[in-house]
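Undergrad: Below: one structure in structure tokens.
The values are calculated or read from the model by the stated rules, or taken from the named source; none is laboratory data. Quick caveat: nothing in here was measured; it's all calculated off a predicted structure. Every residue, glycine among them, receives a Cβ derived from its backbone with ideal geometry; neighbour counts consider all protein chains shown.
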């Protein structure tokens with residue numbers, strides 16, 4: 001017997017609210033009806049999914065596993081419904097792309113132009129998303145493709161490196177290093193380095209820290225307080241440096257200098273996508289860069 005997606009919704013609500021009372025209110029159900037639904041789901045699965053106590057309910061390991069799969073199943077179902085509806089109405093597919101702030105709009109535009117060289121009829125819709133939001137919308141079937149750097153794919157998502165890009169260093173125009181055309185990686189040992197995610201919580205930040213450690217020093221990093229802005233602008237008004245993929249030369253209207261980094265280092269630009277959904281436009285995108 002197949003799982004009832006509505007009962008899975010009930011389980012997710014109880015887990016997120018930590019209470020049958022609050023979950024019932026959220027779902028516009030009676031508490032008894034909700035409890036009956038969860039009990040029926042547990043009988044169907046054959047194991048307990050929740051631990052019930054005087055202070056509320058908590059997920060058991062089996063419940064955590066089922067919810068992780070439930071989110072994927074809901075995303076696949078939503079994508080299937082949207083695809084069938086689009087085909088039935090004779091509408092063209094639009095490739096819905098999200099990208100993290102670590103991937104600039106110019107970089108996304110360059111990828112789309114390359115896509116259009118071989119697939120000129122593919123229509124796209126592009127929006128910036130923070131990593132957590134990007135993951136949620138990919139799993140939930142609201143996006144077809146995510147572009148990022150070194151993000152670990154969540155359950156239900158696949159990942160591939162679209163390309164590898166040369167890494168450079170951005171500094172404010174009045175920074176002492178701005179007089180140079182190039183810097184050695186070891187020259188940054190005494191510099192404050194701006195990153196976009198917290199160490200240990202961001203794959204890209206950890207990748208950059210790893211490059212510094214391989215060069216023989218422990219970097220002094222701090223998270224950019226202004227998230228969502230183009231990477232080269234992170235150094236404006238600071239004495240910090242930042243790793244960027246922008247080309248060497250002036251940037252941000254001359255207020256920033258991008259310096260060549262030596263020895264050459266490269267970072268990946270990754271594509272993420274929900275692996276159990278179908279998208280001809282996404283397949284065309286991935287084939288372009290395979």
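Undergrad: Going by the structure shown, is residue 27 without any contact (Cβ under 8 Å) to a residue 24 or more places away in the chain and touching a strand residue (DSSP E or B) at 6+ places or on another chain (Cβ under 7 Å)?
TA: Taking the combined requirement at face value, the residue does not satisfy it.
Undergrad: Which fully enclosed strands (runs of 3 or more DSSP E) of the range 94-205 have 3 or more residues being closer than 18 Å to residue 273 by Cα?
TA: By residue number, 94-99, 123-128, 145-148, 157-166.
Undergrad: Could you identify the single residue in 280, 192 that is surrounded by fewer than 18 Cβ atoms within 10 Å (Cβ to Cβ) and within 30 Å of residue 79 (Cα to Cα)?
TA: The match here is 280.
Undergrad: Would you tally the residues in the range 108-127 being crowded, with 17+ Cβ neighbours inside 10 Å and within 28 Å of residue 200 (Cβ to Cβ)?
TA: 1
Undergrad: Hey, another quick one. From the list 24, 68, 13, which one is over 24 Å from residue 139 (Cα atoms) and not assigned by TED's automatic domain parsing to the domain that holds residue 275?
TA: 24
Undergrad: Within the range 169-182, is even one residue out of contact with any helix residue (DSSP H, G or I) (no Cβ under 6 Å at 6 or more places or on another chain) and under 30 Å from residue 283 (Cβ atoms)?
TA: Looking for residues that are out of contact with any helix residue (DSSP H, G or I) (no Cβ under 6 Å at 6 or more places or on another chain) and under 30 Å from residue 283 (Cβ atoms), one finds none in the range 169-182, hence no.
Undergrad: Among the numbered criteria (1) modelled with pLDDT of 95 or more; (2) over 22 Å from residue 140 (Cα atoms); (3) surrounded by fewer than 19 Cβ atoms within 10 Å (Cβ to Cβ), which single criterion is violated by residue 62?
TA: Every listed condition holds for residue 62 apart from (2).
Undergrad: Just to be sure I understand, how many residues within the range 57-104 are more than 30 Å from residue 202 (Cα to Cα) and in contact with a helix residue (DSSP H, G or I) (Cβ under 9 Å, 6 or more places away or on another chain)?
TA: 4
Undergrad: Show the residue pairs that are 6+ apart or on different chains and have beta-carbon atoms under 9 Å apart, the first residue being within the range 38-55 and in a strand (DSSP E or B), the second being exposed (fewer than 15 other Cβ atoms within 10 Å of the Cβ).
TA: Close Cβ pairs satisfying both conditions: 50/58; 51/58; 52/58.
Undergrad: Since residue 50 meets every condition but one in (1) out of contact with any helix residue (DSSP H, G or I) (no Cβ under 6 Å at 6 or more places or on another chain); (2) over 30 Å from residue 231 (Cβ atoms), which condition does it not meet?
TA: Condition not satisfied by residue 50: (1).
Undergrad: Could you check the range 256-269 and list, in sequence order, the residues that are in a loop (DSSP other than H, G, I, E, B) and in contact with a strand residue (DSSP E or B) (Cβ under 7 Å, 6 or more places away or on another chain)?
TA: Answer for the range 256-269, where residues must be in a loop (DSSP other than H, G, I, E, B) and in contact with a strand residue (DSSP E or B) (Cβ under 7 Å, 6 or more places away or on another chain): just 264.
Undergrad: Could you tell me whether the range 270-290 includes any residue that is modelled with pLDDT of 95 or more, closer than 30 Å to residue 91 by Cβ, in a loop (DSSP other than H, G, I, E, B) and out of contact with any helix residue (DSSP H, G or I) (no Cβ under 7 Å at 6 or more places or on another chain)?
TA: yes
Undergrad: Also: Answer yes or no: is there a residue in the range 232-241 that is part of a strand (DSSP E or B), surrounded by 16 or more Cβ atoms within 10 Å (Cβ to Cβ) and more than 25 Å from the chain's Cα centre (by Cα).
TA: No, every residue in the range 232-241 fails to be part of a strand (DSSP E or B), surrounded by 16 or more Cβ atoms within 10 Å (Cβ to Cβ) and more than 25 Å from the chain's Cα centre (by Cα).
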